[in-house]
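Notes follow once the structure below has been shown.
The values are calculated or read from the model by the stated rules, or taken from the named source; none is laboratory data. Nothing here was measured: the structure is a model prediction, and the numbers come from that model. Cβ sites come from the backbone with ideal geometry, for glycine too, and all protein chains shown count toward neighbours.
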Amino acid sequence: MLRARDAMDRAYAQSLDVPALARVAHVSPAHFARTFRATFGETPHRYLQRRRVERAMFLLRETDHSVTDICFEVGFGSPGTFSRTFHDIVGRSPRTYRKEAKGSAGAGGAGRAADAVAAGAVGVPTCFVMAWTRPRA
Amino acid sequence: MFTAITHSQIYVLDQDEALDFYVGKLGLEVNADVDLGFMRWLTVSVPGHPERQILLERPGPPAMSEETAGQVRELVTKGVMGGHLVFATEDCRKTYEALLGLGVEFTEEPTERPYGIDCGLRDPFGNSIRFTQPPKA
């Protein structure tokens, strides 16, 4: 199960469906979905969505790539799905999130940009940043 | 290949209490205590050895589900989470007396072993700690 989850953390941009992940874990798709949920407390689909949204939040903050480019960069198949999923998880649209993040760099609020700089300054390994900045369910 | 261990990690249930214990009682030094917004990055080391840091991490979401965090807390409390630290000391008995005076609870008094004199204790959460005085060469 952990091997499949690590695959999602690493290859989030690829099209990872349950059968593909089940192969990574060497179990049947039905068994995979059930066991993953029992192990990590959410479905593999939701886990992957939150990983992709976390990476999208990072790119929205740190790059000037367009929202559409970021959508495909993190592995979403269509801008519609991306916007809907992003809004569902973060509570606002990708554009609003970007505006807030850029506006509040160094201030409070959605000041994740300042947090990222601080993490870099202290030398926090990226796996911890990725684990702890994943948006909550 | 590898040249050093730079970071190790153990789970603590409360980072303020961990600071009181590891710094206030065991005499370690804080390397970083930074609120990154998404997590508190708290590392300590043996004084004068910042090249080898111990991350005192609190289990919880979003790095893991609340349910998993509960299991981790339980395992730490049972003493089976695997957070072992072994320190070296110049004088095991003297250090033991000093820590005893500070109210540290020991699981084993200083004892002569083939590899030196050492003793055992637990941190306030359940992690196991030893310190060893190597035999004179």
| message | I need every pair where a residue in the range A:51-80 that is free of Cβ contacts under 8 Å to residues at least 12 places away in the same chain and closer than 24 Å to B:Pro62 by Cβ has its Cβ under 8 Å from the Cβ of a residue that is surrounded by 20 or more Cβ atoms within 10 Å (Cβ to Cβ) and not aromatic (Phe, Trp, Tyr), sequence separation at least 6 or different chains. | response | A:Thr63/A:Ile70
| remark: By residue number, the members of the range B:55-83 that are under 19 Å from A:Met130 (Cα atoms) and under 16 Å from the mean Cα position of the chain (by Cα) are B:Leu55, B:Leu56, B:Glu57, B:Arg58, B:Pro59
| request: Return the only residue of B:Pro59, B:Pro134 being on the phi < 0 side of the Ramachandran plot, within 14 Å of another protein chain (Cβ to nearest Cβ) and not β-branched (Val, Ile, Thr). | output: B:Pro59
| Of all residues in the range A:90-124 being at pLDDT 85 or above, assigned to a loop (DSSP other than H, G, I, E, B) and within 17 Å of the chain's Cα centre (by Cα), which is nearest to the other protein chains (Cβ to nearest Cβ)? | A:Gly91
| said: Any residue that is assigned to a helix (DSSP H, G or I), small (Gly, Ala, Ser) and surrounded by 14 or more Cβ atoms within 10 Å (Cβ to Cβ) - is there at least one of those in the range B:49-67? | reply: no
| task | Take the range B:36-48 and flag every residue that is within 13 Å of chain A (Cβ to nearest Cβ) and either crowded, with 19+ Cβ neighbours inside 10 Å or not basic (Lys, Arg) (or both). | result | B:Leu36, B:Gly37, B:Phe38, B:Met39, B:Trp41, B:Leu42, B:Thr43
| Only one of B:Asp14, B:Asp33 is surrounded by fewer than 16 Cβ atoms within 10 Å (Cβ to Cβ), touching a residue at least 60 places away in the same chain (Cβ under 8 Å) and of a type in the set (D, E, K, R); which? | B:Asp14
| query | Across the range B:75-132, which residue is modelled with the lowest pLDDT among those that are of a type in the set (Asp, Glu) and part of a loop (DSSP other than H, G, I, E, B)? | reply | B:Glu105
| request: Test each condition in (1) among the β-branched types (Val, Ile, Thr); (2) within 24 Å of B:Thr95 (Cβ to Cβ); (3) over 15 Å from the mean Cα position of the chain (by Cα); (4) outside any loop (DSSP other than H, G, I, E, B) for B:Val34 and report the one that comes out false. | output: (2)
| remark: Of the residues in the range B:46-82, those that are under 23 Å from B:Asp35 (Cα atoms) and touching a residue at least 60 places away in the same chain (Cβ under 8 Å) number 2
